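Below is one structure, written out as structure tokens; comments come after it.
The values are calculated or read from the model by the stated rules, or taken from the named source; none is laboratory data. This is a predicted model, so every value here is computed, not measured. Glycine also receives a Cβ, built like all others from the backbone with ideal geometry; neighbour counts cover every protein chain displayed. What goes into the accessible areas is simple: the full protein's heavy atoms, side chains included, and nothing from ligands, DNA or RNA. Shrake-Rupley method; radii C 1.70, N 1.55, O 1.52, S 1.80 Å.
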Amino acid sequence: MPVSKQLKLQHLLWRTGFGPATADWKSWESRPESTWWSKIKEFSTGQPEYYDVADNAVKGLLLGAGEIGRMESDNLDKDKKRQVRRQSREDLRNLNVRWLNEMIYSKAQLREKMALFWHGHFASRNINILYQQQLLDIIRKNALGNFGDLLRAVSKSAAMLAFLNNQQNKKQHPNENFAREVMELFTLGRGNYTENDIKEAARAFTGWGYELNGDFVFRRRAHDEGSKTVLGQTGPFDGDDVLDILLRQPQTAVYITRKIYRFIVNEEIVPEDRIQALATRFFQRQYSITGLLDDIVGSPWFYAPENIGARIKSPVELWVGLRRTLPFEPQDPLSQILVQNALGQTLFYPPNVAGWPGGRTWIDASSLMLRLRLPQLVAWQGDFNVSTKDDDDQNMGEGDALRDRQKRLVSEVNWTPVLDLFGKTPDAQLAEQMARYLWQLPEARPPLDVMEEHTDRSSRDKRIKTTFMQLMATPEFQLC
Amino acid sequence: MLIKRREFLKTTSLATASLWLPNFLHEFGRPGVLAHNGRILVMLQLSGGNDGLNTVVPTRNDIYYRERPRLAIARETALTLTDEAGLHPALTSFKSLYDEGQLAVLNSVGYPNPDRSHFRSMDIWHTASPASEIWQTGWLGRYLDAQCKGCDRPTAILEIDDTLSLALKGEELRGIAVQEPKRLYDSANSPFFRDYLAVKQPQNSPSGQVHDDSPVGYLYKTMAETMASADYLFEKSRAKATASNYPNSELGRHLRTIASLILADSDTSVYYLSHGSFDTHINQTGQQERLFRDLNEALGAFAADLKANGRWDDVLVVTFSEFGRRVSQNASGGTDHGTANQMFFLGGSLKQKGILNPMPDLADLDEGDLKFQVDFRQVYATLLKRWLKADADDILGEAFRPMGFV
């Protein structure tokens with residue numbers, strides 16, 4: 001079945017961003033197909049802004065006097081640690097909303113979309129706000145750049161070194177956690193190294209640590225200077241050498257390519273020969289992420305029907321996409337974190353070091369029903385009466401202030417872009433034309449009888465609004 | 001926004017709701033689960049890391065009293081179980097059940113290379129993975145996968161909450177999370193959803209089969225199962241709503257819901273619920289006591305209710321926590337994250353009762369924490385094999401020798 005130009009454009013905007021912003025849709029439609037991808041890339045050139053939401057008190061403790069700055073983080077006393085933790089919890093929510101807003105409003109859709117990918121790939125749970133905002137900055141700056149640079153910078157970030165216990169990785173007492181996850185999750189994938197490779201690599205990473213202010217530090221005295229053998233190569237390696245060795249493995253390119261393919265193209269149907277071909281070029285071009293995306297987006301199979309509408313939106317993609325499709329501003333911005341909690345994807349709180357498993361695991365009875373009701377909850381100012389699970393790592397048994405917040409998603413909906421876009425569409429064609437805009441399934445048609453029956457026909461305005469709302473309250477809208 | 005809520009979300013009566021159900025879901029009589037043997041497991045998660053040493057107190061242990069000058073529970077205050085063990089004074093219902101031979105305690109349950117992070121350790125308990133591996137499915141979810149091949153709704157395992165825990169997520173199937181059956185029912189059965197599903201479902205699986213392997217097919221299948229489950233659970237929760245008194249706490253309400261479903265012979269074999277937070281780094285005494293009072297009242301009411309209705313023999317309540325706490329108290333009147341912990345088993349048909357194994361050895365610690373003596377996966381294997389009659393080896397991915405308490 002032929003794929004329409006409209007569907008193609010929407011597909012591209014969904015897979016390389018968070019879907020079209022309704023106000024921008026007409027300008028996108030007017031662009032020739034041959035310019036779409038270069039335009040998308042053009043919007044993402046330029047340096048992202050560094051988000052600084054860390055409270056001054058936290059910075060005072062962590063960055064403060066030069067004396068303190070040189071201390072190891074382990075030396076922060078208990079009360080100060082508690083203070084950092086408590087304030088960080090608040091600040092992390094602000095960082096969450098700040099980044100969410102970027103995804104919604106930024107023209108740099110491609111960068112933020114890939115940043116979300118790397119945020120899951122380099123999953124790190126760390127309560128320290130300063131380290132988290134540093135890691136996010138590394139990821140956003142390198143999201144479209146070179147994977148090697150990204151890997152090196154992430155591996156030297158305080159957030160990752162702390163999360164994977166490398167501060168405790170010392171010559172006399174090696175801690176293998178960091179070395180293991182670097183190989184298993186960041187580069188090679190399971191089954192492409194031995195336990196001995198991990199042991200040896202862990203020795204190479206001894207001495208890698210961070211200072212209180214988040215700066216990377218190499219502690220020579222804790223480093224094992226001896227000879228190591230990693231993936232068949234032998235020498236007195238340090239951490240940088242091991243990362244170089246890992247990047248010289250074609251398997252690293254294959255592993256990253258497969259994961260990006262699953263994120264951008266199709267989570268379930270992944271032809272191995274295609275991955276190998278893409279990975280070969282990715283490797284040859286020294287891990288240029290944009291180069292890999294060029295290859296993917298420029299391939300005819302990118303627009304094959306089996307790859308369109310085949311992806312279940314992640315909770316963040318769903319929420320951001322919803323706010324781009326139907327612009328609204330929650331009165332309480334932090335209520336958006338409750339939505340993330342309830343749907344199973346809270347930024348900065350990946351479920352474990354492997355990130356969010358994604359795909360069908362997003363969907364269970366309760367998350368699906370909430371997804372279907374979400375547009376109504378927003379637009380009808382309904383009670384968001386969902387209690388989410390406590391996170392004891394965040395809360396330290398002190399209860400969660402978020403739970404006590406007003407659990408309402410009260411939002412001011414701006415219908416203008418939707419009314420502008422569909423204002424001239426005749427009643428009889430409204431549902432089908434809207435479905436073509438809101439759904440990514442080439443063959444899906446809205447059931448007109450049912451739609452009509454449940455539409456508020458008392459005015460033209462209401463007809464447009466209710467029809468639009470209904471189409472978003474469907475399984476089809478969960479896909480992109 | 002002017003659309004009226006009721007235009008969209010009118011609630012419907014059960015009678016009309018069942019009319020729209022696609023044919024393949026129509027018969028309530030069809031089992032949600034194959035092979036439900038009438039036995040019920042209630043998994044009660046004590047979230048946050050309950051302090052086991054102040055739960056089953058080692059009343060003759062000098063090390064305990066030495067390491068906890070501020071927090072220790074005095075021998076005279078504890079509810080005596082044996083010569084060397086007593087219960088936290090708030091757990092009076094537990095004490096009664098113990099006296100009646102309907103409670104068992106398994107000490108020092110844990111796993112090798114314990115992780116002291118809440119979420120990681122809870123992950124390990126939920127997935128039943130070795131500590132060195134990351135698994136994406138839960139042990140009860142895999143039980144559902146095994147039990148529910150080809151069944152119409154995943155009501156075999158039910159979490160009483162708004163969101164679903166990893167423990168109940170399988171490879172193919174996911175259990176249901178429901179805080180109140182009526183609320184799920186109300187939100188699932190909006191007239192629009194109902195009509196919409198009724199026309200769309202056949203279109204998406206032209207052969208009339210439930211299984212369409214595409215993502216959209218999966219979404220429709222989940223939607224249909226959810227609506228069928230919502231109907232089923234709502235009907236069951238009302239059919240024999242228990243008349244007994246339960247405390248008006250969250251846990252009380254949740255156990256009341258469970259009791260109602262059990263009394264109405266819901267095809268659910270595993271109920272899952274959480275209580276907490278037991279993460280008592282500061283001022284532990286008051287917080288643990290408050291949580292235990294809730295726990296004690298709610299479980300006491302639950303046991304009494306099921307006994308009065310002749311169902312207590314079919315039920316096994318199991319408690320666990322992601323870890324226990326450090327033996328020594330900290331400087332803030334609390335305790336920090338530890339390792340091994342005890343599990344309680346409560347029910348009318350225990351084969352072994354009382355304290356099943358030795359009290360923790362406080363003289364032989366690993367960096368200030370208890371060493372585990374029993375792998376929790378051996379307990380899971382016991383619950384799966386002996387109680388639920390399932391293929392434990394397959395579900396756990398490894399063979400563990402079942403224990404004898406059930």
* Structure fact -> When A and B pair up, the total accessible heavy-atom area removed from solvent (1.4 Å probe), in Å² to nearest 100, is 5300 Å²
* For the cross-link pairs A:Lys81/A:Lys171; B:Lys95/B:Lys307; B:Lys182/B:Lys307; A:Lys8/A:Lys41; A:Lys465/B:Lys200; A:Lys113/A:Lys259, which exceed 24 Å when the distance is taken from alpha carbon to alpha carbon? -> A:Lys81/A:Lys171; B:Lys182/B:Lys307
* Provide a list, ordered by number, of residues in the range B:263-280 showing at least 10 Å² less accessible area with every protein chain present than when their chain is taken on its own, using a 1.4 Å probe. => B:Ser277, B:Asp279
* To do: Can you figure out the FRET efficiency of B:Asn245 with A:Asp77, using R₀ = 51 Å and their beta-carbon distance, to the nearest 0.05?
  => 0.55
* Go through the range B:394-401 residue by residue and turn each phi into a ³J(HN,Hα) via Karplus (6.51, -1.76, 1.60, θ = phi - 60°); whole Hz please, and just put x for glycine and proline. => 5, 5, 8, x, 6, 8, 10, 6
* What does a probe at B:Ser332 reach in the range A:87-103, counting residues whose amide N is under 19 Å from the point 7 Å along Cα→Cβ? -> A:87-92
* **Loop GluC sites (Glu not before Pro), the range B:59-150 (other Cβ atoms within 10 Å of the site Cβ: 10 or fewer; DSSP)** => B:Glu76
* **Angle in degrees between helix B:215-239 and the longest Cα principal axis of chain B, rounded to the nearest 10** => 70 degrees
* Hey, quick one: spin label on B:Asp364, modelled 7 Å out along Cα-Cβ, who in the range B:314-336 has an amide N within reach, i.e. under 18 Å? -> B:327
* To do: Kindly provide the helix-only [θ] at 222 nm of chain B, computed as the sum of -39,500 (n - 2.57) over DSSP H runs of four or more divided by all residues, to the nearest 500 deg cm²/dmol?
  => -10500 deg cm²/dmol
* **Dipole moment magnitude, nearest 20 debye, chain B about Cα centre, only Lys, Arg, Asp, Glu C-beta charged** => 1020 debye
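Can you tell me the FRET efficiency between A:Glu412 and B:Asp313 if r is taken as the Cβ-Cβ distance and R0 is 51 Å, rounded to the nearest 0.05?
It comes out at approximately 0.35.
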* Asked: Quick one: with all protein chains in place, what share of the accessible area of the range B:58-98 is carbon or sulfur, to the nearest percent (1.4 Å probe)?
  -> 47 percent
* To do: Name the residues whose placed amide hydrogens come within less than 5 Å of the amide hydrogen of A:Trp208, ignoring near sequence neighbours (fewer than 5 apart) on the same chain.
  => A:Arg219
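Only Cα pairs under 8 Å and at least 6 apart count here; give the relative contact order of chain B as a rounded whole percent. Walk me through the numbers on the way to the answer.
On the way: 801 pairs, mean separation 113.9, N = 406.
Result for chain B is 28 percent.
Taking every residue in A:225-232, how many Cβ atoms of other protein chains lie within 10 Å of its Cβ, on average? Provide the component values of the computation, followed by the final result.
Numbers: counts 0, 0, 0, 0, 0, 0, 0, 0.
The shielding value for this peptide is 0.
Given a 1.4 Å probe and every protein chain left where it sits, what share in percent of the accessible area of the range A:56-247 is carbon and sulfur? List each step's numbers first, then the result.
Values: 3250 of 7090 Å².
Summing carbon and sulfur atoms, their accessible area is 46 percent of the total for the range A:56-247.
What does the accessible area per residue of the protein assembly as shown come to in Å², with a 1.4 Å probe and no ligands, DNA or RNA counted? Could you put the intermediate results ahead of the total?
Details: 32080 Å² over 886 residues.
I get 36 Å² per residue for this part.
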* Angle between the Cα long axis of helix B:118-127 and the longest principal axis of chain B, 0 to 90 degrees, nearest 10? -> 60 degrees
* **Heavy atoms of A:Val3 accessible to a 1.4 Å probe, total area in Å² rounded to 10** => 40 Å²
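Averaged over its residues, how many other protein chain Cβ atoms are within 10 Å of peptide B:119-129's Cβ atoms? If you can, show how the numbers build up before the last one.
Numbers: counts 9, 5, 1, 4, 3, 1, 0, 0, 1, 0, 0.
Partner-chain Cβ atoms within 10 Å, mean over residues of B:119-129: 2.
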* Kindly state, to the nearest 0.05, the FRET efficiency for A:Ser458 paired with A:Tyr50, given R0 = 41 Å and r defined as their beta-carbon distance. => 0.25
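Would you tell me the mean number of C-beta atoms belonging to other protein chains that fall within 10 Å of each C-beta in A:354-362, as a whole number? It would help to have the intermediate numbers written out before the result.
Details: counts 3, 1, 1, 5, 1, 2, 7, 6, 0.
Average per residue, whole number: 3.
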* **Contact order relative to length of the range A:56-247, as percent, for alpha carbon pairs under 8 angstrom and 6 or more apart** => 19 percent
